[in-house]
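Colleague: Have a look at this one before I ask anything.
The values are calculated or read from the model by the stated rules, or taken from the named source; none is laboratory data. Model, not experiment: these values are computed from the prediction. In this analysis, Cβ positions are derived from the backbone assuming ideal geometry, glycine residues included, and neighbour counts consider all displayed protein chains.
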Amino acid sequence: MPRRLHQRAIKKMAALPPELSYETARAQGRGLDLNVELRRGSKGVGLFAKKFIAPRTIVAYYVTKIYGASRRSRYEVEYSVGIPKHPSLVGDLCDASLSSPVRVNGRWVPLWAYFSNEPSPNESPNSKLFPAMTGRFAHSKAAVGERYRFKLVASKAIHPGEEIVWCYGDDYERSYASSC
């Protein structure tokens, strides 16, 4: 990764308020048996497999607050996610974006999906982001002010040490090379 982009990624994470920071996330996961961990990699902070992750396994959650597409939250637009079937709404980071990991089907799952990166040109995506329509994080409605939850799901086997990467979508404005 070019030095300029690496510095931008670090700066982007440094701009987050303390409750959404790398250090806070790591502290919340300490002592829990998680499948993933946060590490500083070639792209800045990233989400990495700590254990083998089977396809179709929920890797992490992403909790957003819904805003009208014309209004932005206090966080950078880079973290925005379009709300499916609601083109006038966008989900963005909120204080609940980094709550403590939750217990799902007998294992701990962190709310760290927003730390995951896009694949480099020589990588292919190994996960996908979906609305969390069922289970513990199901949401009842998509309206301004409500929370909307997504789940990052492994699309193929992910081995220990591999970075969790997914394509942000065609509307994402990139200033770097990606295989997406």
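Colleague: Between a first residue in region 141-156 that is touching a residue at least 24 places away in the same chain (Cβ under 8 Å) and acidic (Asp, Glu) and a second residue that is surrounded by fewer than 13 Cβ atoms within 10 Å (Cβ to Cβ) and in a loop (DSSP other than H, G, I, E, B), which pairs have beta carbons less than 9 Å apart while being 6 or more apart in sequence or on different chains?
Modeller: Partner pairs satisfying both residue conditions: Glu146/Ser140.
Colleague: For region 113-133: of the residues being in contact with a Lys or Arg (Cβ under 9 Å, 6 or more places away or on another chain) and not in a loop (DSSP other than H, G, I, E, B), which is nearest to Thr24 (Cα to Cα)?
Modeller: Ala113
Colleague: Now a separate question. Give, as residue ranges, the strands (runs of 3 or more DSSP E) completely inside region 1-112 that count at least 3 residues that are within 18 Å of Ile158 (Cα to Cα) and at pLDDT 75 or above.
Modeller: Counting at least 3 such residues, we get 36-41, 44-49, 58-68, 107-109.
Colleague: What number of residues in region 100-124 are among the polar types (S, T, N, Q) and without any contact (Cβ under 8 Å) to a residue 40 or more places away in the chain?
Modeller: 1
Colleague: Can you tell me which residue within region 137-177, out of those that are of a type in the set (Ser, Thr, Tyr) and part of a loop (DSSP other than H, G, I, E, B), is nearest to Phe115 (Cα to Cα)? Spell out the reasoning first.
Modeller: Of the residues in region 137-177, the ones of a type in the set (Ser, Thr, Tyr) are 140, 148, 155, 168, 172, 175-176.
Narrowing further to those that are part of a loop (DSSP other than H, G, I, E, B): 140, 155, 168, 172, 175-176.
Values: Ser140: 25, Ser155: 18, Tyr168: 12, Tyr172: 16, Ser175: 18, Tyr176: 17 Å.
The selected residue is Tyr168.
Colleague: I've got another one for you. So which residues in region 116-130 are aromatic (Phe, Trp, Tyr) and more than 12 Å from Tyr168 (Cα to Cα), if there are any at all?
Modeller: none
Colleague: Of everything in region 148-173, what is modelled with pLDDT under 85 and within 23 Å of Ser97 (Cα to Cα)? Give them in sequence order.
Modeller: Hits for region 148-173 are Tyr168, Gly169, Asp171, Tyr172, Glu173.
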